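Notes to accompany the following structure.
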Amino acid sequence: MRASILCLLFAGLPACKTAAPSAAPATVKTAVKLVLNWVPEPEFGGWYAARESGSFARHDLDVEIVGGGAGVPVMQLVASGKADFGIAGADEIVMGRARGIDIVPLYATYQTSPQGLMVHAERGLATIGDVFKSGTLAIEPGAPYAQWLKKKYGFDKVKVVPYDGGVARFVKDPQLAQQCYLTSEPLAARGAGAKTKVFLVADDGFNPYLGVVFARRALLTEKPAVVAEFLAATREGWRNYLDHPEVANATMGKLNPSMSAATFTEAAAAQKQLVESSDLGAMDPVRWTTLAQQMLDLGLVDKPLTVPLK
């Protein structure tokens, strides 16, 4: 107002102009790289939802989501600083720390592990222990959960064969049981006409968090605000995905055309019960301690281990 009045008083002076309001400086967003441990699927829906809904942007982050797959060294990429955050299972993190990799878990997507054993419903098996009494089991015997099952039940009465990643053999052989993720193989088998029953390993006592976000400890020390903003956006993204998965599913479907839109929808619905929590992503130190002791008992780590949550 004062500038306008002065301009009117000295209208004859050519240099007199009303000052234009200065534009607010654009906020510089921090570039962040997140590496997944598999291809884009509903198990990563929360991060794609955070990107598509603008949660990352609202937290001043520019997040690059890098799809993973077999052989992608997620832990090494994070530990070396080539990526800021990675996704892994809690059992992998325990083993990584036992090897001296200084990483810290920050957020656990799956509160209940989706890892299980899938059988034909018509076999009438009542418990997971029944799987090991007869028939054939397709499994990766070196996986921590498989080692745990072997120690508890033994593999001497069941024929163990390699897991081939599909369900064609399962559909054809009514005596075949196989490892599965609740959100994957059972959906494919039912789509092929098989009636299935799934026993979750978590229900039998081995329940590592899965879909765990982790970072190298140095990042927490050097950029605590970035870590805090990333985790806040992650929680928003997962809340968004659990309530409205459609947009993120469409984005992931373009990146992973091998999975149908219907399967994305089914998998998102199947995993909701395993992810949902009053405090999304929360982790219980007691569960980490229990897991570390189980890994020690299995000989997968060679010393007692404390996994810091901060």
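Quick grid of which residues meet (1) outside the structural domain of ALA194 (by TED's automatic domain parsing); (2) over 19 Å from the mean Cα position of the chain (by Cα):
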| position | (1), (2) |
| --- | --- |
| VAL94 | yes, no |
| ALA98 | yes, yes |
| TYR107 | yes, no |
| VAL119 | no, yes |
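So, of the residues in the stretch 228-262 that are of a type in the set (Val, Ile, Thr) and surrounded by fewer than 21 Cβ atoms within 10 Å (Cβ to Cβ), which turns out to be nearest to VAL35 (Cα to Cα)?
Looking at the filtered set, the residue picked out is THR251.
Looking at (1) in contact (Cβ under 8 Å) with a residue 60 or more places away in the chain; (2) crowded, with 22+ Cβ neighbours inside 10 Å, which is the one condition that is false for PHE170?
That leaves (1) as the condition not met.
Run down ASP62, ASP102, ASP84, ASP91 and say which single residue is touching a Ser or Thr at 6+ places or on another chain (Cβ under 9 Å) and not aromatic (Phe, Trp, Tyr).
Every option except ASP62 fails the conditions.
Restricting to the stretch 129-152, name every residue that is within 29 Å of the chain's Cα centre (by Cα), buried (at least 18 other Cβ atoms within 10 Å of the Cβ) and farther than 19 Å from TRP38 by Cα.
VAL131, LEU137, ALA138, ALA146, GLN147, TRP148, LEU149
Could you count how many residues in the stretch 122-145 are of a type in the set (Val, Ile, Thr), in a loop (DSSP other than H, G, I, E, B) and over 21 Å from LEU210 (Cα atoms)?
1
Could you tell me whether GLU185 is in the same structural domain as ALA268 (by TED's automatic domain parsing) and among the acidic types (Asp, Glu)?
no
Could you check the stretch 161-195 and list, in sequence order, the residues that are among the β-branched types (Val, Ile, Thr), more than 22 Å from the chain's Cα centre (by Cα) and under 21 Å from PRO114 (Cα atoms)?
VAL167, VAL171
Given the residues ALA138, ALA143, ALA50, which is the only one that is outside the structural domain of THR263 (by TED's automatic domain parsing), hydrophobic (A, V, I, L, M, F, W, C), closer than 29 Å to PRO186 by Cβ and touching a helix residue (DSSP H, G or I) at 6+ places or on another chain (Cβ under 8 Å)?
Testing whether each residue is outside the structural domain of THR263 (by TED's automatic domain parsing), hydrophobic (A, V, I, L, M, F, W, C), closer than 29 Å to PRO186 by Cβ and touching a helix residue (DSSP H, G or I) at 6+ places or on another chain (Cβ under 8 Å) leaves just ALA138.
In the set ALA215, ALA292, ALA225, which member is among the small types (Gly, Ala, Ser), closer than 21 Å to ASP102 by Cβ and touching a strand residue (DSSP E or B) at 6+ places or on another chain (Cβ under 8 Å)?
ALA215
Can you name the residue in the stretch 203-218 that is under 28 Å from ALA83 (Cβ atoms) and among the small types (Gly, Ala, Ser) and is also surrounded by the most Cβ atoms within 10 Å (Cβ to Cβ) among such residues?
GLY211
The values are calculated or read from the model by the stated rules, or taken from the named source; none is laboratory data. Keep in mind the model is a prediction, meaning the values are calculated, not measured. So basically every Cβ, Gly included, is an ideal-geometry build from the backbone, and we count neighbours across all protein chains shown.
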